[in-house]
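Below: the structure, in structure tokens.
The values are calculated or read from the model by the stated rules, or taken from the named source; none is laboratory data. No experiment lies behind these values; they were computed from the predicted model shown. Every residue, glycine as well, gets a Cβ built from its backbone with ideal geometry; the counts of neighbours run over all protein chains shown.
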Amino acid sequence: MMDTFVMRHLPALLIATPLFAAFLMPLVGNAGRTVRSAWVFLGALLTSAIGLALAWKVLATGTVLYVFGAATTQQALPPDAAFPIRIMFQVDALSALMAVIVSLSSLGITIYSLAAESKQSGLETFYAMLFLLIAGVLGMVVTGDLFNFFVFLEISSLAGAALVAYRVDDGVAVEAGLKYALLSTVGALAVLTAIGILFAQYNALNLASLAARLQFTALDKVALVLLAVPLAMKCGAVPMHFWTPDTYTTAPSSVTAFLVVSSQASLYALFRILFTLYGHLVQFSWATFGWFLIVLGVLSMFIGVTMAIPQKDVKRLMAYHAVSQTGYMLLGVGVGLAVLGNAEALKTYGKTAMAGGLFHIINHAMYKGLLFLTAGAIFLRTGTRNLNRLGGLGHTMPWTMVFFMIGALAIAGVPPFNGFASKLLIYESVFRFSPFLSIIAMVVSILTLASFVKVFHSMFLGPPRAEFAEAREVPAPMFIGMALLALFVVVAGLMPQPFIDHLISPAVDALVDRSGYIAAILGGR
Amino acid sequence: MKMTKIVRTTADVFYPFCLVFGLYVVIHGHLTPGGGFQGGAVMATGAALLIVAHAYEDITGRIRKTAMKILEAIGLLTFLFAGLSGILFHRPFMANWMAQTGKLFGNTVAHGPNPGDLNTAGLLPLLNVGVGIEVLGGLTVILLYMLSGIKEEKKP
Amino acid sequence: MMTLLLLKLPYFTVVVLTLLGLAAMVFKKNLIKILMGLSLMESAVNLFLVATGYRMGGVAPIFTNAPSPHMTLPTVQALTLTSIVIGVATSAMMLSFAMVIYKKYGTVDSQKVKKLKG
């Protein structure tokens, strides 16, 4: 009885649980450290469990619909109207994939932060903001309503900016937070304008019913630009990537690891808008949309990695690599979008390319999160992020070294780690689309490997240094947090096929199956 | 920075009226323009009035930061639980299960022009009250943080 | 002609407000003025939303006061209210950031606030 009751309300509980954890934090914070840590752990564990259960339910039974405030959770259309007026969550396989990503990484990151941030003051605000960020990102990926998406986007941006500025750090962190908040707000205003344009024409905010009504007028093109550009900015694609290094560098490492996930939620939204909302508009041709993503992707890959190589600050270097890896996802899905109209090409390599891109999202969240967490562990023990000053840490922090190695080999696409599994899919399929693009992707991978070999050498190898003699292994919660992510990196690298079959392929089908998304609401009308 | 006695006394007199008016806007949120956010903002204006008229140091005893934070949490939790209460009645999250039951806030609204009945609209007044408390707490905390930096201006 | 102009007036205002806000954000160096520009743009978007919701001859959807059952759907007004509330939170947070920056750097000139190197 209890589990069916919970299972029925999973989408609402998915948002309500982190919100509840966040709202109660000021009260729990007064009860002392142990209670607060237990509360944070419980909140993160419950949120992740609900996220995974929801994903399992979606993959087992198909799209889950949750209509807020209606007579039943499934009543998408009110009895006296032919169009949906209520806010609803529509969780298809793609949303389920994103929910899995957020659940897994938020659990690892929260456990890590219990030890990593324990020396800071004002922790109840920190955790309240962290849970708000988690709720915002989860909301972005499950909502089926355009305005609701805007609200969750703003929640995640504001909470993210507050977390970036959380360690004031002589004002540098606040500067980065202000930068992030300004850009996010301008972007969100553009999104809101686009929503206004679409609503004024079609009287709908629901993604499915908007997609069914879209006529592709000149105004719709304006709206598309106003939606796509801010979202591409939020996911850190190259012409608009300038905020990522500052933000990722100054934020506490646990927050940085989660900001990566939050930027991927924007990536999800970009794909959702291109494939579902603007999907059927052949007049503009698929190739144009597809090449938009491909060009963004190639630029991000190449410029990201070339900017990363000369960096001296380890987190800044990793931030540029994050930009570069985002390029792979854009490239994979872009190739899929470019051949969407061509059923033959879609079947032979288009879907594989998209599977590679989507698989890379989850892999990237795990290994990049792991890398940022190891950088945070090193910063905690040595107090510096400067590569020229670090060295010889392999003697004192062997486990951190192992985790860094796993993350670095995964990001460089070395078998048998998960980065290789998704990159192989991308190389193979993109090669059949355009060999040149595939070669660029491989070259970027080699450059990434070179860059991380250099980092590994300067941080961990060499004789033990006197100034870091005090450095020792990280506390248990940080170890567990990193081990969780590392475990996923290794398991998904050794056995990628079950992940591809049960998680990624349904997501690809959901992304392509636009009419199915609409029919789930409008019932084939 | 302390203002003159006239200003301080006026602020003291106005403060309860600000709160009462804000509360009125909150409670009549489902009948008249306004609602939780607007009413909460009016109430927080009262706090702003006190902080501006008196010195920041003198006011922290009357308006406590921790109390306001707890108020904020209570307001948010009220909102969340009002939403969750729908689930207990086998309806979706935020379902308005209290409307038109004849009990608390459960009267049916009469058709045609009428002055309005406070005892209607079901869940909405509860949500308004939750938001009102939250906004009062939240905005006051923000004001306290921002106005704590005001220093005595140097006399030329 | 005149009515048409009056009907389009809000949109002109939206454009003017957006351009003013954008100009303030791009050309001003004071952080507070940049944030004021952002606020202006927010108001422009809110005005745009409300303007799209206007219907000729529509009745305000206040149930107890409407003379007829034909009322406008107040969705855009709800959107605008939500966006205003979000705007308050954004402005409050960014102004606090500006205050912290002033405390740490002693200036709010965006040309001098540059410890971050890219």
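Among the criteria (1) under 20 Å from A:L65 (Cα atoms); (2) of a type in the set (V, I, T); (3) away from every other protein chain (no Cβ under 14 Å), the one A:V6 does not fulfil is (3). Within region A:1-16, the set of residues being free of Cβ contacts under 8 Å to residues at least 60 places away in the same chain and in a helix (DSSP H, G or I) comprises A:M2, A:D3, A:T4, A:F5, A:V6, A:M7, A:L10, A:L13, A:A16.
Counting the residues of region A:492-518 that are part of a helix (DSSP H, G or I), hydrophobic (A, V, I, L, M, F, W, C) and without any contact (Cβ under 8 Å) to a residue 24 or more places away in the chain gives 0.
Regarding C:K28, is this residue away from every other protein chain (no Cβ under 11 Å), of a type in the set (K, R) and surrounded by 15 or more Cβ atoms within 10 Å (Cβ to Cβ)? Yes; evaluated as a whole, the condition is true for this residue. Looking across region C:97-112 at every residue that is touching a helix residue (DSSP H, G or I) at 6+ places or on another chain (Cβ under 6 Å) and among the small types (G, A, S), the one that is nearest to the other protein chains (Cβ to nearest Cβ) is identified as C:A98.
Results for (1) outside any helix (DSSP H, G or I); (2) in contact with a helix residue (DSSP H, G or I) (Cβ under 7 Å, 6 or more places away or on another chain); (3) more than 30 Å from A:F403 (Cβ to Cβ), shown as yes or no for each residue.
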position: A:P26; (1), (2), (3): no, yes, yes
position: A:R36; (1), (2), (3): no, yes, no
position: A:L45; (1), (2), (3): no, yes, no
position: A:A55; (1), (2), (3): no, yes, no
position: A:D80; (1), (2), (3): yes, no, yes
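Go through (1) buried (at least 16 other Cβ atoms within 10 Å of the Cβ); (2) at pLDDT below 90; (3) among the hydroxyl-bearing types (S, T, Y); (4) within 30 Å of B:A99 (Cα to Cα) and name the single condition A:T63 misses. Among (1) buried (at least 16 other Cβ atoms within 10 Å of the Cβ); (2) at pLDDT below 90; (3) among the hydroxyl-bearing types (S, T, Y); (4) within 30 Å of B:A99 (Cα to Cα), the lone unmet condition for A:T63 is (4). Scanning region A:442-480 for residues that are part of a helix (DSSP H, G or I) and touching a Lys or Arg at 6+ places or on another chain (Cβ under 7 Å) yields one hit, A:S445.
The rows are residues; the columns are (1) farther than 27 Å from A:T125 by Cα; (2) outside any helix (DSSP H, G or I); (3) aliphatic (A, V, I, L, M).
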residue	(1), (2), (3)
B:F37	no, no, no
B:G40	no, no, no
B:I51	no, no, yes
B:D58	no, no, no
B:G61	no, yes, no
B:I87	yes, no, yes
B:L104	yes, yes, yes
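Residue by residue, here is whether (1) among the hydroxyl-bearing types (S, T, Y); (2) on the phi < 0 side of the Ramachandran plot; (3) part of a loop (DSSP other than H, G, I, E, B) holds:
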position: A:L94; (1), (2), (3): no, yes, no
position: A:V100; (1), (2), (3): no, yes, no
position: A:T110; (1), (2), (3): yes, yes, no
position: A:T125; (1), (2), (3): yes, yes, no
position: A:A135; (1), (2), (3): no, yes, no
position: A:F147; (1), (2), (3): no, yes, no
position: A:G160; (1), (2), (3): no, yes, no
position: A:Y166; (1), (2), (3): yes, yes, yes
position: A:V172; (1), (2), (3): no, yes, no
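None of B:L76, B:L84, B:L80 is within 11 Å of another protein chain (Cβ to nearest Cβ), within 22 Å of A:A135 (Cα to Cα) and surrounded by fewer than 18 Cβ atoms within 10 Å (Cβ to Cβ) except B:L84.
Residues that are among the charged types (D, E, K, R) and either at the interface with chain A (Cβ under 8 Å from one of its Cβ atoms) or not in a loop (DSSP other than H, G, I, E, B) (or both) were ranked within region C:31-60; the one that is surrounded by the fewest Cβ atoms within 10 Å (Cβ to Cβ) is C:K33.
Exactly one residue out of A:V141, A:V164, A:V191 is buried (at least 24 other Cβ atoms within 10 Å of the Cβ), more than 9 Å from chain C (Cβ to nearest Cβ) and more than 30 Å from A:A218 (Cα to Cα), and it is A:V164. Residues in region A:447-495 that are closer than 20 Å to A:N386 by Cβ, of a type outside the set (A, V, I, L, M) and crowded, with 16+ Cβ neighbours inside 10 Å: A:S451, A:F452, A:F456, A:S458, A:F460, A:R465, A:F468.
Here C:G87 passes the criteria (1) in a helix (DSSP H, G or I); (2) more than 10 Å from every other protein chain (Cβ to nearest Cβ) except the one numbered (2). Between A:L27, A:L19, A:L65, the distinction of being without any contact (Cβ under 8 Å) to a residue 24 or more places away in the chain and within 11 Å of another protein chain (Cβ to nearest Cβ) belongs to A:L27 only. Listed here are the helices (runs of 4 or more DSSP H) enclosed by region A:247-366 that have at least 3 residues being more than 28 Å from A:A176 (Cα to Cα): A:286-308, A:314-338. Summed over region A:68-115, the residues that are within 14 Å of chain B (Cβ to nearest Cβ) and not hydrophobic (A, V, I, L, M, F, W, C) give a count of 9.
Reported count of residues in region A:300-318, each being within 17 Å of A:I426 (Cα to Cα) and touching a His at 6+ places or on another chain (Cβ under 9 Å), is 1.
Checking each residue in region A:206-235 for being outside any helix (DSSP H, G or I) and surrounded by fewer than 24 Cβ atoms within 10 Å (Cβ to Cβ) picks out A:L214, A:Q215, A:F216, A:T217.
Quick check on my filter: what residues within region B:100-125 are in contact with a helix residue (DSSP H, G or I) (Cβ under 8 Å, 6 or more places away or on another chain) and away from every other protein chain (no Cβ under 11 Å)? Across region B:100-125, the qualifying residues are B:F105, B:L118, B:P125. Of A:L54, A:L42, which residue is closer than 28 Å to A:L207 by Cβ and either within 23 Å of the chain's Cα centre (by Cα) or buried (at least 24 other Cβ atoms within 10 Å of the Cβ) (or both)? Going through A:L54, A:L42 in turn, the sole match is A:L54. Quick one: is C:G58 of a type in the set (G, A, S), out of contact with any strand residue (DSSP E or B) (no Cβ under 9 Å at 6 or more places or on another chain) and at pLDDT 90 or above? The answer is no for C:G58. Among the numbered conditions (1) farther than 20 Å from A:A190 by Cβ; (2) within 14 Å of chain C (Cβ to nearest Cβ); (3) in contact with a Gly (Cβ under 9 Å, 6 or more places away or on another chain), the only one that A:V260 does not meet is (2).
Might you check whether a residue that is at the interface with chain C (Cβ under 8 Å from one of its Cβ atoms) and among the acidic types (D, E) occurs anywhere in region A:207-223? Scanning region A:207-223 turns up no residue that is at the interface with chain C (Cβ under 8 Å from one of its Cβ atoms) and among the acidic types (D, E). Among A:A269, A:A211, which is of a type in the set (A, V, I, L, M), within 16 Å of the chain's Cα centre (by Cα) and under 25 Å from A:I521 (Cα atoms)? Of the residues listed, the single one that is of a type in the set (A, V, I, L, M), within 16 Å of the chain's Cα centre (by Cα) and under 25 Å from A:I521 (Cα atoms) is A:A269.
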